[in-house]
Amino acid sequence: MLNLKDILNGISSESKKMEWGNMKITIAKELDKTQDVLFLGLFEEDKDNGKSFSKELAEEVEEAMTRKAFSRKFGDIYGAKFSHSYKKVAVVGLGEKKDFSVEKVRQALGKMVTTTKGWSFSSFCTNVVEKVKTGADAELLGRAAAEGLLLANYNFNKYLAKDKQEKKKPLSMVSLQWNGGNDFSEGLKVGRVVVEATNWVRDLVNEPANVVNSEYMEKMAKQVASQYGSVKLKVLNKAELEKEGMGSLLGVNAGSQNPPKLLVLEYTGSKKGKYTAFLGKGITFDSGGYNLKPTKYIEDMKTDMAGAAAVMAAVKVAAELKIKKNLLGVMPLCENMVDATAQHPGDIVRAYNGKTIEIGNTDAEGRLVLCDALAYTEAKYAPEVMIDLATLTGACVVALGYYAAGVMGTDTELLGKLKDAGEVSGDRVWELPFFEEYQDWMDGSISDLNNISTKGKGYEAGSITAGVFLAKFVEKAKWAHVDIAGSAYWMVDGAYLSKGATGSGVRLLSYYLMGNQEKE
Ligand code: BES
Ligand code: ZN
Ligand code: ZN
């Protein structure tokens, strides 16, 4: 389990006032009357409807309930006319007590942030975390509170004119009523570290492909390595990739003006223990190559490096929290473009481990860069665990949509740990079966493998067959593959994540790391 004393060394748990990025979060015993908005939480079981705060408020809320302008169902918010000393007072439905969870804390606080922004106010206070503290793990509650608030306060406005930016201004302050122990504020600090890394990934993924290319990603990785003494960066450029024989990765980049790169961030957090390797797909733009993507599918393909960005951020979190584990962040970076030099459908390439691959489809390129990265990482570092994150298949978006990443592999213990980390962090994964019957569906006819399925109609179980391909490049390590194609980039707003990049995978990997440290 997470040892708070270890990861928080240097930070005083006495400090009650913390400033994080653009939002200040304060903990106070009482509701803070100096904030713009007050949000009072109401469970369905709460019959007083805010009476303990004010009789007039309770009367207005009851009246609103009879005309169905408010229910106590989870997420329902009613802005009262009654205002007390605040600019606005609102009640927030928390649903039934038995259904409440830390994820609901993220959602409720996230909704308060977006509602306050919508009312053009810049701060609020709430009793919600105080209200739900019984029975909850205060440290997890703190993490969730920071995550809900700071993820919801994120925006990507930098390319908008100043006056438009003003209209979408983030909140400046939130005051949380809390009368419990210090674990809560310690959780807030951990949550802050995780969210800052997550919002950094959101920036990297939202930035267009004319900004974020392999060199830009290298610059970011260099920053991480120079910021922490515990992190080293190894860069493999084209000549080294050629020397190492990463023909599969090189084939993907053949049509690009940007250089291919393989970045390895090495974090040393423990005197013992083998490496855990996180590997992330880093396609800075996926045009599909000669199997060109059509309109409606090509436009968002700047997001195809979300796996690499999440992996880089997870290394940053590990270094910041001084996680006791030795960790690798491996990022194969390429751009999948069309050009006279690009690879053709039907080409055969040779991967790092010697296997030959026929390019059945140039758009199935993620697996082609990851397979070299997996085989190389295992050969050079012999990690105990390898977890790859990739915006790998449209089939995963079809199967699961936005609210979970697909996960598969053969090590049930590792899959269980990832499922737990996903559940607690709200960055969920959903297991897809890895049936024996599929294990030869990627076999080639004139080569060892094909990069698309060679059985049936070719598209069945597309996410699973992509995983099957990757599995051929792992020998001894415990391995899991996380397909974040749907979860990394949303077309709709959520309770605390907005349309656009979500930073999917950062909370998942961070929580996984916190829960799986070396015992020294
Ligand atoms: N980057 C895409 C997958 C993707 C789709 C990510 C939608 C995010 C949103 C990937 O490289 C791809 O194109 N996969 C193909 C594979 C197929 C050709 C076997 C796909 O899913 O269509
Ligand atoms: Zn593709
Ligand atoms: Zn892709």
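The values are calculated or read from the model by the stated rules, or taken from the named source; none is laboratory data. On a predicted model such as this, the values are computed, not experimentally measured, just so you know. Backbone-built Cβ (ideal geometry, glycine too); neighbour counts: all protein chains shown. Calculation scope for accessible area: heavy atoms of the full protein, side chains included, ligands and nucleic acids excluded. Shrake-Rupley method; radii C 1.70, N 1.55, O 1.52, S 1.80 Å.
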**Message:** Every residue in the range 158-199 that is β-branched (Val, Ile, Thr) and over 23 Å from the mean Cα position of the chain (by Cα), please.
**Reply:** Val174
**Asked** Picking from Lys324, Lys316, which residue would you name as being assigned by TED's automatic domain parsing to the domain that holds His344, over 19 Å from Ala254 (Cβ atoms), in a loop (DSSP other than H, G, I, E, B) and away from ligand 2 (no atom under 16 Å from the Cβ)?
**Response** Lys324
**Message:** Take Ser248 and tell me if it is farther than 17 Å from Val349 by Cα, of a type in the set (S, T, N, Q) and open to solvent by less than 40 Å² (accessible area, probe 1.4 Å).
**Reply:** no
**Request:** Search the range 352-392 for residues being polar (S, T, N, Q) and open to solvent by less than 10 Å² (accessible area, probe 1.4 Å), and hand back the single one that is farthest from ligand 2 (Cβ to nearest atom).
**Result:** Thr377
**Request:** Those residues that are closer than 30 Å to Arg106 by Cα, touching a Ser or Thr at 6+ places or on another chain (Cβ under 6 Å) and open to solvent by less than 30 Å² (accessible area, probe 1.4 Å), I need them from the range 438-489; list them, please.
**Result:** Ser463, Asp483, Ile484, Ala485, Ser487, Ala488
**Asked** On the given criteria, is Ala310 within 16 Å of ligand 3 (Cβ to nearest atom), small (Gly, Ala, Ser) and under 25 Å from Trp441 (Cβ atoms)?
**Response** no
**Prompt:** Which one of Val264, Val224, Val194, Val231 is under 22 Å from Val385 (Cβ atoms) and not assigned by TED's automatic domain parsing to the domain that holds Leu509?
**Reply:** Val194
**Message:** Considering only the range 333-342, I want to know if a residue exists there that is of a type in the set (A, V, I, L, M), farther than 29 Å from Lys457 by Cα and outside any loop (DSSP other than H, G, I, E, B).
**Reply:** yes
**Message:** With the requirement that a residue be more than 16 Å from ligand 3 (Cβ to nearest atom) and either crowded, with 20+ Cβ neighbours inside 10 Å or of a type in the set (Lys, Arg) (or both), what does the range 339-351 give you?
**Reply:** Val349, Arg350, Ala351
**Message:** Would you confirm, using the coordinates I've provided, whether Ala308 is modelled with pLDDT of 95 or more, crowded, with 20+ Cβ neighbours inside 10 Å and among the hydrophobic types (A, V, I, L, M, F, W, C)?
**Reply:** yes
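To keep it simple, each residue is scored yes or no on (1) outside any helix (DSSP H, G or I); (2) closer than 30 Å to Thr26 by Cα; (3) at pLDDT below 95; (4) charged (D, E, K, R).
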| site | (1), (2), (3), (4) |
| --- | --- |
| Glu147 | no, yes, no, yes |
| Phe156 | yes, yes, no, no |
| Tyr159 | yes, no, no, no |
| Gly180 | yes, yes, yes, no |
| Trp200 | no, yes, no, no |
**Prompt:** What do you reckon, is Thr410 surrounded by fewer than 20 Cβ atoms within 10 Å (Cβ to Cβ) and more than 16 Å from ligand 1 (Cβ to nearest atom)?
**Reply:** yes
**Message:** Can you tell me which of (1) assigned to a helix (DSSP H, G or I); (2) out of contact with any strand residue (DSSP E or B) (no Cβ under 7 Å at 6 or more places or on another chain) is the one Lys133 doesn't meet?
**Reply:** (1)
**Asked** Just for the range 314-337: of the residues that are farther than 14 Å from Ile387 by Cβ and of a type in the set (A, V, I, L, M, F, W, C), which one is most open to solvent (accessible area, probe 1.4 Å)?
**Response** Met337
**Complete:** Scanning the range 267-290 for residues that are open to solvent by less than 50 Å² (accessible area, probe 1.4 Å) and either away from ligand 1 (no atom under 16 Å from the Cβ) or of a type in the set (S, T, N, Q) (or both) gives Tyr267, Gly269, Ser270, Gly273, Thr276, Ala277, Phe278, Thr284, Ser287
**Asked** When you look at Lys73, is it farther than 30 Å from Val190 by Cβ, at pLDDT below 95, loosely packed, with under 14 Cβ neighbours inside 10 Å and not polar (S, T, N, Q), yes or no?
**Response** no
**Complete:** Within the range 362-388, residues within 18 Å of Asn336 (Cα to Cα) and away from ligand 1 (no atom under 11 Å from the Cβ) come out as Cys371, Asp372, Ala373
**Message:** Would you confirm, using the coordinates I've provided, whether Ala209 is surrounded by fewer than 23 Cβ atoms within 10 Å (Cβ to Cβ), within 16 Å of ligand 1 (Cβ to nearest atom) and under 23 Å from the mean Cα position of the chain (by Cα)?
**Reply:** yes
**Message:** Any residue at all in the range 142-157 that's free of Cβ contacts under 8 Å to residues at least 60 places away in the same chain and open to solvent by 30 Å² or more (accessible area, probe 1.4 Å)?
**Reply:** no
**Item:** Selected residue (criterion: nearest to Glu166 (Cα to Cα)) from residues of the range 121-145 that are at pLDDT 95 or above and among the polar types (S, T, N, Q)
**Value:** Ser122
**Asked** Applying the selection to the range 76-102, what residues are part of a helix (DSSP H, G or I) and either open to solvent by less than 40 Å² (accessible area, probe 1.4 Å) or of a type in the set (Lys, Arg) (or both)?
**Response** Lys97, Lys98, Val102
**Request:** State which residue is nearest to the chain's Cα centre (by Cα) when the search covers only the range 291-326 and only residues that are within 16 Å of ligand 1 (Cβ to nearest atom) and of a type in the set (Gly, Ala, Ser).
**Result:** Ala310
